[in-house]
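Q: Sending over a structure as structure tokens; questions will come in a sec.
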Amino acid sequence: MQNRFLPQFCTLISHSHISPLCLSFSLALCSLLSITGSFLEVGGFCNCVSIMAGLEMNDWKKIGLGLTGFGVFFSFLGIIFFFDKGLLAIGNILFISGVIMTIGVKSSLQFFMKRNNLKGTISFGVGFFFVIIGWPIIGMASETYGFIVLFSGFWPTLAVFVQKIPVIGWVFQQPFIRSFFDRYRGKRVPV
């Protein structure tokens, strides 16, 4: 079965000028959907990655994208299973290691240690620590705040992508939701 969403996603990503970290995040989202089998087929995902402009996919980046996708998947499972601390810890470790493998150690350090991102980095790190020591609800609350602060520059790109999805895109094209997304469009680029 030919996937009709793949060309839209590849066109959106290749024509927008987004950073490698945002690209990693969006591809992790797609790899999560690919794992569940509901959005992309495995071959289509690899083709999408190879089509994108200016992104050379070596084995490290492919492994990093897989780890990031599995990290999001395990974190989702941990939340579904009433904040299971084991699944949340595995998801956090996989997500962080996947992001580092996808964009590289130097770019990761530059992103997380940037002055604008320090508040988000600290709160994400404190939340990660709380999840590891066994306080998952406090940890996930802190991680959620840190995640929102760290990736706030990515939300406009995600909004455009979600509006292009045929099944749920019409919800995000409603005037009151669209005005919310337009308010944050063009604030800052994460990397």
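Condition check ((1) touching a residue at least 60 places away in the same chain (Cβ under 8 Å); (2) among the aliphatic types (A, V, I, L, M)) across all residues:
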site: 70; (1), (2): no, no
site: 80; (1), (2): no, yes
site: 98; (1), (2): yes, no
site: 117; (1), (2): yes, no
site: 120; (1), (2): no, no
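Q: Right, something else. Return the total of residues in region 86-133 being crowded, with 19+ Cβ neighbours inside 10 Å and among the charged types (D, E, K, R).
A: 0
Q: Restricted to region 136-149, and to residues that are touching a helix residue (DSSP H, G or I) at 6+ places or on another chain (Cβ under 8 Å) and in contact (Cβ under 8 Å) with a residue 40 or more places away in the chain, which residue is farthest from residue 82 (Cα to Cα)?
A: Residue satisfying both the conditions and the ranking: 143.
Q: Select the helices (runs of 4 or more DSSP H) contained entirely in region 80-191, then report the ones holding at least 1 residues which are under 26 Å from residue 66 (Cβ atoms) and among the charged types (D, E, K, R).
A: 85-103, 105-112, 136-150, 155-164
The numbers here are math on the coordinates, done by the rules we state, and not lab data. Computed from a prediction, not measured in an experiment: that's the story for all the values here. Cβ atoms come from the backbone with ideal geometry, glycine included; neighbour counts cover every protein chain shown.
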